[in-house]
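Written out below as structure tokens is the structure these notes cover.
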Amino acid sequence: MANIHTPIPNLKLNDGNSMPMIGYGTGTAWYKSGDESKVDEACIAATKMSIDMGYYHQDGAEVYKTEAELGTAIKQSGISREKLFLTTKVISNIADIPSALKTSLKKLQVDHVDMYLIHSPFFSEKKDDHQEKWRQMEELKSQGLAKSIGVSNYLPEQLDWILETCKVQPAVNQIEFHPYLQHEGLIEYHKKKGIATCAYGPLTPVTKGAGGPADDVLNGLAKKYAVSPGEILLRWCIDQDIVPITTSSKEQRLSDYLRAMTFKLNPAEIKQINEAGKKKHLRGFWTHKFDDNDKR
Ligand SMILES: NC(=O)c1ccc[n+]([C@@H]2O[C@H](COP(=O)([O-])OP(=O)(O)OC[C@H]3O[C@@H](n4cnc5c(N)ncnc54)[C@H](OP(=O)(O)O)[C@@H]3O)[C@@H](O)[C@H]2O)c1
């Protein structure tokens, strides 16, 4: 297994805080569709294992219904609060953001989160609503309940609404991002405005998108660096200053992912992956909100 002490780099955010450049997610595979009060012991065990292995950046959301599991795993791991970088998100209770965060903090058994995100822009198509919700997010930051604030699944036009009236800019936009969904102009927009990108679904080309046009280049680079194609995908994000948010239930895989910290892709290799990836379009999440050919 990889050396668990492999250092994970940090990304400096526009508000001065820093974020570890790989996150462990408690959504997707861990998402609870049934009764939230039914404890998922496997989720607790895997999340604790990830913290023990050095995944201090943990990604939760009220809608995953696993915040209690995440809180228990944090407690059981004994990790100090200063080391942990804890994210959660609001959407189901967006009508009352302060109370939603209070509920999340209770489940997570902490007194603040490091990152609080509006989970998606789809709660309203009105600019005023987004500006008002962002004011509430800013208030939570000023109270110290969220050290950093950001959004998820926003497009440039929706970010523009927030930037028009904000006092504090969103620190991140968490989006689906992988070679088969590079978005047109969004990453460039983030860079121009100083907004960091977090990438969920980073392994899509080796999971849902396996057998696609990026396979050859990913396999070739995996051979060159003696890692797996998945680790090439994680590194492809990191080398573009993008923070991958992944997950696994398997110790071996979590250990292997850390090998992505041990090498660097050169610009030509990043370009090769970009070019191969552009030959296929695949969106795995929020598909009901976008047309099949919408690459934004
Ligand atoms: N903001 C949003 O709207 C949003 C949406 C989706 C996700 N997220 C966040 O992002 C996190 C990660 O999302 P994701 O699960 O889509 O990330 P991902 O990194 O693309 O995929 C991770 C999954 O792939 C499986 N996997 C890894 N390598 C594999 C391989 N070689 N072959 C087959 N399966 C493999 C893992 O299963 P094993 O357990 O078998 O290793 C794990 O379930 C979520 O947990 C959540 O926190 C956010």
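Where a number appears in this text, it was derived from the coordinates with a stated rule and is not lab data. Keep in mind that what you see is a predicted model, and the values were worked out from it rather than measured. Reconstructed Cβ throughout: ideal geometry from the backbone, glycine too, with neighbour counts over all protein chains shown.
Scanning segment 269-293 for residues that are assigned to a helix (DSSP H, G or I) and either within 22 Å of Ala29 (Cβ to Cβ) or within 16 Å of the ligand (Cβ to nearest atom) (or both) yields Ile273, Gly277, Thr287, His288, Lys289. In segment 172-182, the condition of being part of a loop (DSSP other than H, G, I, E, B) and in contact with an Asp or Glu (Cβ under 8 Å, 6 or more places away or on another chain) is met by no residue.
Matching residues to (1) under 18 Å from the mean Cα position of the chain (by Cα); (2) not small (Gly, Ala, Ser):
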site	(1), (2)
Met115	yes, yes
Lys126	no, yes
Met137	no, yes
Gly144	no, no
Ser148	yes, no
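Taking segment 12-51 as the region of interest, how many residues are among the hydrophobic types (A, V, I, L, M, F, W, C), surrounded by fewer than 19 Cβ atoms within 10 Å (Cβ to Cβ) and either within 11 Å of the ligand (Cβ to nearest atom) or within 28 Å of Asp241 (Cβ to Cβ) (or both)? Number satisfying all stated conditions: 2. Applying the condition of being in contact (Cβ under 8 Å) with a residue 60 or more places away in the chain and surrounded by 15 or more Cβ atoms within 10 Å (Cβ to Cβ) to segment 103-140 and asking which residue is farthest from the ligand (Cβ to nearest atom) yields Asp114. A count restricted to segment 239-268 and to residues that are surrounded by fewer than 22 Cβ atoms within 10 Å (Cβ to Cβ), of a type outside the set (S, T, N, Q) and more than 8 Å from the ligand (Cβ to nearest atom) stands at 12. Of the numbered criteria (1) within 14 Å of the ligand (Cβ to nearest atom); (2) hydrophobic (A, V, I, L, M, F, W, C); (3) in contact with a helix residue (DSSP H, G or I) (Cβ under 6 Å, 6 or more places away or on another chain), the one Val172 fails is (3). Those residues that are acidic (Asp, Glu) and either crowded, with 19+ Cβ neighbours inside 10 Å or in contact with a His (Cβ under 9 Å, 6 or more places away or on another chain) (or both), I need them from segment 269-293; list them, please. Matches in segment 269-293: Glu269, Asp292. All of Asp216, Asp241 fail the test of being of a type in the set (Asp, Glu), touching a strand residue (DSSP E or B) at 6+ places or on another chain (Cβ under 7 Å) and farther than 29 Å from Ala42 by Cα, apart from Asp241. Here is a check on your reading of the model: is Ser99 of a type outside the set (Val, Ile, Thr), part of a loop (DSSP other than H, G, I, E, B) and at negative phi? Considered against the rule, which asks whether it is of a type outside the set (Val, Ile, Thr), part of a loop (DSSP other than H, G, I, E, B) and at negative phi, Ser99 comes out as no. The single residue among Asp35, Asp59 that is acidic (Asp, Glu) and under 18 Å from the mean Cα position of the chain (by Cα) turns out to be Asp59.
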